[in-house]
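Novice: Dropping a structure here in structure tokens format, bear with me for questions.
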Amino acid sequence: MILANTAANGEELVADSHLLPAVAVGKKEGDLIRQYVTTNPRPRGVLSFGGTVLGVRPSPVVAAFSSRGPNPVSPQVLKPDFIGPGVNILAGWSGSIGPTGLLKDGRRTQFNIMSGTSMSCPHISGVAALLKGAHPNWSPAAIKSALMTTSYVIDNTNSPLRDAAGGSDATPFAYGAGHVDPQRALAPGLIYDITADDYIAFLCSLNYTIPHIQAITKRPNVTCSRRELTNVGSASSTYEVKASGPGGVAVTVKPAKLMFKHVNQKLRYSVTFASKERGRSAGTAFGWITWSNKQHKVRSPVAYTWKM
């Protein structure tokens, strides 16, 4: 059997198990094979195992089946958070059923090649456990922050991460903050922790009025606070900010420099976005806010959406 991808899966090759000899090909190769089969009166082909391939380039690539953002309920929340390994993973397999999962499959094996969120989830969970072991006092939000701000968006060919679905450059709506980097996440420099005030700030971003927020939170005094960073690096650390984005948006960060004097010190900053293009047609663009010094780069993606 020759299993050819449709346009939705592009050139991504997923190693599914089959009951008969089979080979998977991408959409481009599938189209060529289909043309050959339909135009040649006696089409012939040979399936052969080419061995295990190492050092695949480009890698990593955003999986075609990976979920895409933004958050459908609250578009203000950029999703996904980040991505991790989840395609063609050698994983443990139940001996009670064959590798295809079909009842007529009588084969039994202890391992199988699997793909999906069921594979990326244990990878990320393992990295989170690694960070928790190294930093027992970190909250789940601190661990998530470290994983996000240290993720990378450049592949092993020194090019932007590609989207397997269409073959073009992926965007933060496909990879979020980027691909997880366990080594860098161990020492992120700064983290964004979460308190109740951060959830109140989110309500502010949704244009809830102060009386509405007071009714929801049962707090008499409510203010829309600014973003807050916690220093988990060196005691004396100074970070400078750099904001990148489309030319049609003016980004202002105050203050432009954060000077920490001790570990676990918290400092706040505010960001203002202003569109410089009136009457712009609907569309989406992306940028980054990065706090950096000689040792660390603490980067957060930003998505901009214009509506008609």
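The values are calculated or read from the model by the stated rules, or taken from the named source; none is laboratory data. Because the structure is a prediction, the values reported are computed rather than measured. Here the Cβ positions follow ideal geometry from the backbone for every residue, glycine too, while neighbour counts run over all protein chains shown.
Novice: Got a number for residues in the stretch 158-196 being closer than 21 Å to ASN231 by Cα, assigned to a loop (DSSP other than H, G, I, E, B) and at pLDDT below 90?
Specialist: Total meeting the criteria: 1.
Novice: Under 8 Å by Cβ, and 6 or more places apart or on different chains, what pairs join a residue from the stretch 150-177 that is on the phi > 0 side of the Ramachandran plot with one that is surrounded by 17 or more Cβ atoms within 10 Å (Cβ to Cβ) and among the polar types (S, T, N, Q)?
Specialist: Hits for this filter: GLY176/SER151.
Novice: Then there's this: Can you tell me which residue in the stretch 1-50 is farthest from ASP169 (Cα to Cα), limited to those that are in a strand (DSSP E or B) and without any contact (Cβ under 8 Å) to a residue 40 or more places away in the chain?
Specialist: Per the criteria, the residue is VAL23.
Novice: Which numbered condition trips up ASP193, out of (1) surrounded by fewer than 23 Cβ atoms within 10 Å (Cβ to Cβ); (2) within 18 Å of the chain's Cα centre (by Cα); (3) touching a residue at least 40 places away in the same chain (Cβ under 8 Å)?
Specialist: (2)
Novice: Residues in the stretch 72-117 that are β-branched (Val, Ile, Thr) and either more than 30 Å from THR284 (Cβ to Cβ) or loosely packed, with under 11 Cβ neighbours inside 10 Å (or both): how many?
Specialist: So the count comes out to 6.
Novice: Does the stretch 8-67 hold any residues that are among the acidic types (Asp, Glu) and under 22 Å from the mean Cα position of the chain (by Cα), and which are they?
Specialist: GLU11, GLU12
Novice: Turning to a different aspect of this structure: Those residues that are over 29 Å from SER275 (Cβ atoms) and either over 24 Å from the mean Cα position of the chain (by Cα) or not in a loop (DSSP other than H, G, I, E, B) (or both), I need them from the stretch 197-232; list them, please.
Specialist: Residues satisfying the conditions are GLN214, ALA215, ILE216, THR217, LYS218, ARG219, PRO220, ASN221, THR230, ASN231.
Novice: Something else about it: Could you check, for the stretch 198-207, whether at least one of its residues is surrounded by fewer than 15 Cβ atoms within 10 Å (Cβ to Cβ), touching a Pro at 6+ places or on another chain (Cβ under 9 Å) and either touching a residue at least 12 places away in the same chain (Cβ under 8 Å) or among the acidic types (Asp, Glu) (or both)?
Specialist: No, the stretch 198-207 contains no residue that is surrounded by fewer than 15 Cβ atoms within 10 Å (Cβ to Cβ), touching a Pro at 6+ places or on another chain (Cβ under 9 Å) and either touching a residue at least 12 places away in the same chain (Cβ under 8 Å) or among the acidic types (Asp, Glu) (or both).
Novice: Among the residues of the stretch 250-265 satisfying the criterion of being over 25 Å from GLY287 (Cβ atoms) and either not assigned by TED's automatic domain parsing to the domain that holds ARG227 or not hydrophobic (A, V, I, L, M, F, W, C) (or both), which is surrounded by the most Cβ atoms within 10 Å (Cβ to Cβ)?
Specialist: GLN265
Novice: Among the numbered criteria (1) among the small types (Gly, Ala, Ser); (2) farther than 24 Å from LEU13 by Cα; (3) in a helix (DSSP H, G or I), which single criterion is violated by SER96?
Specialist: (3)
Novice: Can you tell me which of VAL241, VAL302 is in contact (Cβ under 8 Å) with a residue 60 or more places away in the chain and of a type in the set (Val, Ile, Thr)?
Specialist: The conditions single out VAL302.
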